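Report on the structure given below.
The values are calculated or read from the model by the stated rules, or taken from the named source; none is laboratory data. Worth saying up front: this structure is predicted, and the values here are computed from it rather than measured. Here the Cβ positions follow ideal geometry from the backbone for every residue, glycine too, while neighbour counts run over all protein chains shown. The protein model used for the area step is the full one, side chains on, heavy atoms only, and it has no ligands, DNA or RNA in it. Shrake-Rupley method; radii C 1.70, N 1.55, O 1.52, S 1.80 Å.
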Amino acid sequence: MNASRRVMLTALLLCFVTDLPAQQPPASRLPDFARARDEAVGFLQNLIRIDTSNGNETRAAEYIKSILDAEGIPAEIFTLEDGRGNVVARLKGNGKKRAVLLMGHTDVVGVEKEKWTVDPFAAVIKDGYLYGRGSTDDKDNAAANLEVLLLLHRLNVPLDRDVIYLAEAGEEGSPRLGIGYMVDEHWDKIDSEFALAEGGTSVIREGKVRYVGIASTEKVGRGLRLVARGTSGHGSVPRPDNPVVHLAAAVAKAGQYQVPMRLNETTRTFFKRLAEISPPDEAFLFTHLEDPVVGPMVQEILRRQYLSMNSMIRTSISPTIFRAGFRSNVIPGDAEANLDVRAVPDEDMDKVVETLQRLIDDPAVEIVRSRAGRPSPPPSSIDSEMFRALETTQASMFPGAATLPMMLTGATDMSFLRAKGAQSYGIGAPAQEGEIGAHGNDERISVDGFGKFVEFIYRTVLEVAAAPSTGKK
């Protein structure tokens, strides 16, 4: 064969290979996902039935450890305070790449039982949904990650990376007992290049997943208190220095104030990609946020109609608690209010406080800053091997959808991991737009969506951690 014919044939073969569909993992490395869903649902039900709204995470950790022990996967429980245990397990890889961490927290917020239609700790399944406190925050992640670890172990998947499982305590208010303790005292147990945790969302509209939202960064709590002081006295004699009056005026000004919009790589990409899959009227909004002419009008529309998106583009300020007085006929000597401030990662809080002081313009009102509870590290990259693996899984499972990087408006334990250099991403189960979720009454998760979530995590971990012998492309 002459040289020109060899070149031509080589070019044809390259074209043919390029046009082949993306290579899928061999069937031997893919589990029965229906069975995996059912088993994981059982794990989730049992975790919900362990009431961890007032601690007791060690009970959940011991339950998880018992499952891992039965499967022959070594697990350890680490505890800073009695009853507040964190459980860690690891599947060993060949060490070619650094570890990936699968994380979920086992504590939950409290409930108002009388406002639920079911027992919040009974883990009832009805109409295709699993009800219970923690079903979406965050025992779903703890249960789904546990199932993924078991599947990798049972199928004996060769790994280029260690896969670490962590179910941690204290996320809902005491991170020093959970991720703070693990990072400070046991980092060697969870040291990883990548982490998957809570916080993302896969939004279903008209029966199809519209987009898969991946949290690559998050806002950080930087709470403030407004404290007004005056002279106490009888309520029958109005006083010009009444601290309740001064505080009320200050709260109104702070509550109406909007910190200027500031997009970063995550939020700019979020709106760009969201516009590409949105109707024209919504796409116009998402592409004109920074327009010098119509931008202010667009931002006002977001403020009134797209509340979460409005919070995503700026540091937000929400008055939440007002404390004043003890009798209706006594003017109190002081009054105070809490402002829930959620700052974008690189916000200059000194400037925010200075602006509020000028805005309030009242020497009777003092602004007191709260101690920061979580670090504020840079966002995780949206051009990493893990983010690309998440995009690959989305394209495989939900063709026609989009992968959107997101900035969470709330806070998670991922901030501690990002501060240590671990590229961390929040993911979530498919859910209908407006679904009742985290912290809500009748918190629930779709059983089918939860099954898809297990599959999503498994395929992503296979993509990023499995050795080439599994057929990973």
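Would you mind checking the tilt of helix 385-397 against the longest principal axis of the Cα atoms of the chain, expressed as 0 to 90 degrees and rounded to 10?
It is inclined by approximately 80 degrees.
What's the longest piece of the chain with no exposed GluC sites (Glu not before Pro), counting a site as exposed if DSSP puts it in a loop and it has at most 15 other beta carbons within 10 Å? Kindly include the intermediate steps, with their values, before the conclusion.
On the way: sites that count: GLU81, GLU112, GLU206, GLU290, GLU433.
No qualifying site falls inside 291-432, the longest such stretch.
Output needed for the range 164-314: three equivalent-ellipsoid semi-axes, defined as square roots of 5 times the C-alpha gyration tensor eigenvalues, in descending order, whole Å.
Semi-axes from the Cα gyration tensor: 37, 30, 13 Å.
Would you list, by chain and number, the lysines whose Cα falls below 21 Å from the Cα of LYS272, excluding same-chain residues fewer than 8 positions away?
Within reach: LYS208, LYS219.
When averaged across all projection directions, what area in nm² does the alpha-carbon convex hull of the range 252-369 cover?
With the hull built on Cα positions only, its mean projection is 9.4 nm².
List the lysines whose Cα sits under 16 Å from the Cα of LYS96, skipping any in the same chain fewer than 8 residues away.
Here the lysines satisfying the reach criterion relative to LYS96 are LYS472.
Compute the distance in nm between two label points, each set 7 Å from the Cα along the Cα-to-Cβ direction, one at ASP281 and one at ALA122.
4.3 nm
Please give the charge dipole size of the chain, origin at the Cα centre, charges +1 on K and R Cβ atoms and -1 on D and E Cβ atoms. Round to the nearest 20 debye.
In total the dipole reaches around 820 debye.
For the range 404-453, what does the alpha-carbon gyration tensor say about shape, rounded, prolate or oblate, given a ≥ b ≥ c as the root eigenvalues, a/c under 1.5 as rounded, and a/b over b/c as prolate? Please list the in-between numbers first.
Numbers: a/c = 2.44, a/b = 1.84, b/c = 1.33.
It comes out prolate by the Cα gyration axes.
Using just the Cα positions, wrap the chain in a convex hull and report its mean projected area in square nanometres, one decimal place. Walk me through the intermediate numbers first.
On the way: hull surface 115.7 nm².
For the chain, averaging the hull's shadow over all directions gives 28.9 nm².
Which pairs in the list LYS65/LYS420; LYS65/LYS92; LYS139/LYS189 are over 29 Å apart, alpha-carbon to alpha-carbon?
Numbers: LYS65/LYS420 26 Å; LYS65/LYS92 17 Å; LYS139/LYS189 21 Å.
Among LYS65/LYS420; LYS65/LYS92; LYS139/LYS189, the Cα-Cα distance tops 29 Å for no pair.
Regarding the range 166-236, what's the average projected area of the Cα-atom convex hull, expressed in nm²?
11.4 nm²
Determine the shape class of the range 33-96: with a ≥ b ≥ c the square roots of the Cα gyration tensor eigenvalues, call it rounded for a/c under 1.5, and otherwise prolate if a/b is greater than b/c, oblate otherwise.
oblate
Run lengths n ≥ 4 of DSSP H only: what is the helix-derived mean residue ellipticity at 222 nm for the chain, with -39500 (n - 2.57) per run over all residues, to the nearest 500? Let's see the in-between values first.
Values: 15 runs with 176 residues, N = 473.
Dividing the helical sum by the residues of the chain leaves -11500 deg cm²/dmol.
In degrees, nearest 10, range 0 to 90: what is the angle between the Cα axis of helix 3-19 and the longest Cα principal axis of the chain?
50 degrees
With a 1.4 Å probe and all protein chains left in place, how much of the accessible area of the range 384-473 comes from carbon and sulfur atoms, in whole percent?
48 percent
Any idea of THR201's accessible area? Nearest 10 Å², probe 1.4 Å.
40 Å²
Using a 1.4 Å probe, what is the accessible area per residue for the chain, in Å²? Walk me through the numbers before you get to the answer.
Values: 21290 Å² over 473 residues.
Result: 45 Å² of accessible area for each residue.
Expressed as a whole percent, how much of the Cα-Cα distance distribution for the range 50-208 exceeds 23 Å? List each step's numbers first, then the result.
Details: 5111 of 12561 pairs.
The share of Cα pairs beyond 23 Å in the range 50-208 comes to 41 percent.
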